[in-house]
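Shown next, in structure tokens, is the structure this report addresses.
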There are 2 protein chains.
Amino acid sequence: MATIPRAGSAFLLAQLGAHAAARFAERVAELDLTPPQTGLLRAVATGPGRSQQELAGYLGMPPSRLVALVDGLAARGLLERRRNPDDRRLHALHPTAEGERMLGRIGEVARAHDDELLAGLDATERETLRELLARVAGQQGLTPGVHPGYRRV
Amino acid sequence: MATIPRAGSAFLLAQLGAHAAARFAERVAELDLTPPQTGLLRAVATGPGRSQQELAGYLGMPPSRLVALVDGLAARGLLERRRNPDDRRLHALHPTAEGERMLGRIGEVARAHDDELLAGLDATERETLRELLARVAGQQGLTPGVHPGYRRV
DNA sequence: TATTGTTATACTCTATAACTATA
DNA sequence: TATAGTTATAGAGTATAACAATA
């Protein structure tokens, strides 16, 4: 029988990443949000006024998919579409005051999520892990704050 | 405008995990395999002779889903179902010699994948990262070698 | 009657591409 | 004719639950 090699760091990352994403999805579900929605809300607040095309490109999804996400958040009053009078084809996206408040709550959820996930590490180890992860993410060309897997709710 | 907090370690883990999983999927696609197939093949080789029910429980998927995965690998001669003469309802799963060879190739792919992903870290840093990730995975109760997200090809 | 494995059904999510309105 | 946004369609992948064989 062939030797079964132990899982490498890449596998550990994929495994822990899926676990972290699933737990986060459970937590934001209590705010009646999906992870892609939180990502979009955050992106809109980070750079208000961008068009849907710009946002879709930034988040790495087809514009048609953004429509449903925007619809959902707009229907709940968390963000709004503002028509550009100079070019009425464009919809500039802005967070509402309610959206800003929701973002604050998402931040609290994210902090609690972080604490739970890293419960096995002390403060120094957490900082070491964070720094190493940020280095790898940067070297791999990942855009800060943009999840490649916003393809699943 | 509310403050946009920087992404925490949990987000970095989810982001890097999705990236790692996507790159791994690209690599094993060259072996004409999907990540769930590699996970099943590995699980079968790790503990040969288990029933499909046992495997499904171990991998955290419904038995009905395992059927299609087993069908695909069996059709390619990578594993085989052996009926238990004492209880003909049971199908014990075993890797074939060809399956063992394929597992070796998957191991090579995984090592190359690891190297590419961690290209930004030196040997000491890689070991530190691995140790921290393994600690977190253990504390979170994750089963070694079992990916919670074998739900997506 | 209970259990293993299988098949059938229905559902969720997605990308592609057709469509509309504006330019 | 080109572009922003929207809608329609179809495809992939999944879980649930019904089913057949065996116990």
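At-a-glance table
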| quantity | calculated |
| --- | --- |
| Per-residue average of Cβ from other chains inside 10 Å of B:136-143 | 5 |
| 20 Å reach of a label modelled at B:D32, 7 Å along Cα-to-Cβ, counting backbone N of the stretch B:62-104 | B:68-81, B:95-104 |
| Per-residue mean of C-beta atoms belonging to partner chains within 10 Å, peptide B:37-50 | 1 |
| 0 to 90° range, to nearest 10: angle between helix B:9-29 axis and chain B longest Cα axis | 40 degrees |
| Between 0 and 90°, nearest 10: helix A:63-75 axis offset from chain A longest Cα axis | 70 degrees |
| Size of charge dipole - the stretch B:1-135 - debye, nearest 20, with Cβ of Lys, Arg +1 and Asp, Glu -1, no other charges | 500 debye |
| Rounded FRET efficiency, nearest 0.05, which uses the C-beta distance separating A:R6 from B:D87 and R0 of 35 Å | 0.55 |
| Label-point gap, in nm, between B:E100 and B:T124 - each point 7 angstrom along Cα→Cβ | 4.1 nm |
| Cα long-axis angle, helix B:35-46 against chain B (0 to 90 degrees, to the nearest 10) | 60 degrees |
| Inter-chain Cβ neighbour average for residues B:125-134, partner chain, 10 Å | 6 |
| Estimated 222 nm signal from helices in chain A, with DSSP H stretches of n ≥ 4 weighted -39500 (n - 2.57), rounded to 500 | -20000 deg cm²/dmol |
| Most to least packed among A:11-24, B:29-42, B:60-73 [average Cβ atoms within 10 Å] | A:11-24, B:29-42, B:60-73 |
| Local electrostatic count, B:P95, Cβ distance below 15 Å [Lys/Arg +1, Asp/Glu -1] | +4 |
| The stretch B:61-108-the stretch A:1-53 distance, computed between alpha-carbon centres (Å) | 31 Å |
| Environment charge of A:R135, counting only residues whose C-beta is closer than 14 Å and scoring Lys/Arg +1, Asp/Glu -1 | -2 |
| Exam field: B:R82 pseudo-label spacings to other copies (7 Å along Cα-Cβ), nanometres | 7.1 |
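Values in this text are rule-based calculations from the coordinates and carry no lab data. Since the model is a prediction, treat every value here as computed from it, not as a measurement. We place every Cβ from the backbone using ideal geometry, glycine too, and count neighbours over all the protein chains shown.
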